[in-house]
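K.L.:
Can you keep this structure in mind? I'll have questions shortly.
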Amino acid sequence: MPRSPSSPRSQAIRRINLTLEGPVAEVLAQMVPELKKLPRRGVLERVLDDPALLDRCLKAFRADPQRFSDLLVDRRNTPIEQADATLACGRTLDEVVAMVVRTCAKRQFRKRLDGVSRPLRKTDRTQDKAKNGLFERLSHLISPPPPPRRSRGEILYDSFKEHLRHDWQVALVSDYSTLSPQLVRRMGARILDYRIPEDIQKLRENPSNPPPPSTLPEPDLDILTGAVPLPTISPAPVPSSFPPPPIAAPAALGGDNRARIADILTADQKRLRPEAFTLILLTPEVRAALPHPEQTVRLTGQLAEVGGLPAKRLIGELGLRAEQLVVMMLVIHEILGPEVFRRSFGLSSNLDYVDKFIERAKADGINQGTPPTEIAAFCRRIFSSFRRS
């Protein structure tokens, strides 16, 4: 069913487009010289049709988001601090970025594969239907017409759509257009691990046996939030003649021993309660896994920075025991530093980011039976490419 022009979603999209083509374009024109040469009317169309130009615009925004602070506000005109906070338009910054990335990708796919960048206008379809008249509508009742044939560009876009949401993907849109829809569907979310053009080209050349993606030397920061994107981990291949190693089940530990939420979170459940871990920090297995186990006071202070929601996700999805959670959070804190850690696992963390970390942990076999020392090693391996600024 087509969307009504007055539907809330249509109104939100219209407001986003007007903001992007108006105030946002004005600020970007001061940062991206090419925009000054474009006519103000239709500048959004021109940028969306040019992935290289859109990529420069997004990088300019990432480099200095404070210049857009008057536009990054909620309905109460309060500046937002996280990319998943709702803007005045009713969408989050993450959603707006995803919308821009998807529109650019769809246009490029159609341009490369169909020879046209924009979809047919609805007015054209309406006029065609009016020309058909009553006879055509009656014939449809007797013999319904076949579903409209989708173009090659639309088919590729449909296979990609769910995974087009990050600003860094704009630089890969042209390379994405060379992949087959079957390969994209088969790769699923793993396509996000391939973050440079050379990796996409290797994937295209060897679709039946996808090569491991490159490990980036130093990850960029997520747009606005500054959370550290998780580096790619390429697990060692398992010989086909050997069964995969069994995963330790909670039952092997004498039942489900995951940390009790009521015991470790503050009354408002917004953060960890440091005093709940005082004795745990003194146990030999935890001390053996921590970089500076003797600094108990400093470590308990770091635990107070862990947000309640990330802790709940980690416990719920991985079944972590209290000592495992302590080691995981403190080792990551040691690597990232307090500022980046708070944006990644603190009170205002992006839960999509936490979920990606959990996916990596599951893929590496982290569960309730994993020794704390192995959890520490996993965290150091995951963030091995991160260097503090």
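The values are calculated or read from the model by the stated rules, or taken from the named source; none is laboratory data. Fair warning: this is a prediction, and the values are worked out from it, not measured in the lab. Cβ atoms come from the backbone with ideal geometry, glycine included; neighbour counts cover every protein chain shown. Remember, those area values only see protein heavy atoms, side chains included, never the ligands or the DNA or RNA. Shrake-Rupley method; radii C 1.70, N 1.55, O 1.52, S 1.80 Å.
K.L.:
Any idea which of A88, A105 is in a loop (DSSP other than H, G, I, E, B) and either touching a Pro at 6+ places or on another chain (Cβ under 8 Å) or not charged (D, E, K, R) (or both)?
P.N.:
A88
K.L.:
Counting only residues that are open to solvent by 90 Å² or more (accessible area, probe 1.4 Å) and either within 21 Å of S174 (Cα to Cα) or of a type in the set (V, I, T) (or both), how many does segment 17-76 have?
P.N.:
Result for segment 17-76: 3.
K.L.:
I've got another one for you. Only one residue in I375, I366 is surrounded by 21 or more Cβ atoms within 10 Å (Cβ to Cβ) and not in a loop (DSSP other than H, G, I, E, B). Which one?
P.N.:
I375
K.L.:
OK, next. May I ask you to list the residues in segment 269-316 that are over 28 Å from E359 (Cα atoms) and polar (S, T, N, Q)?
P.N.:
Matches in segment 269-316: T278, T283, Q295, T296.
K.L.:
Go through (1) surrounded by fewer than 20 Cβ atoms within 10 Å (Cβ to Cβ); (2) hydroxyl-bearing (S, T, Y); (3) in contact with a Ser or Thr (Cβ under 7 Å, 6 or more places away or on another chain) and name the single condition Y353 misses.
P.N.:
Looking at each condition in turn, Y353 falls short on (1).
K.L.:
Quick check on my filter: what residues within segment 264-307 are surrounded by fewer than 17 Cβ atoms within 10 Å (Cβ to Cβ), within 21 Å of T370 (Cα to Cα) and in contact (Cβ under 8 Å) with a residue 60 or more places away in the chain?
P.N.:
E285, A288
K.L.:
Condition first: touching a Gly at 6+ places or on another chain (Cβ under 9 Å) and farther than 17 Å from P291 by Cα. Can you find one or more residues in segment 325-341 that meet it?
P.N.:
Checking segment 325-341: at least one residue is touching a Gly at 6+ places or on another chain (Cβ under 9 Å) and farther than 17 Å from P291 by Cα.
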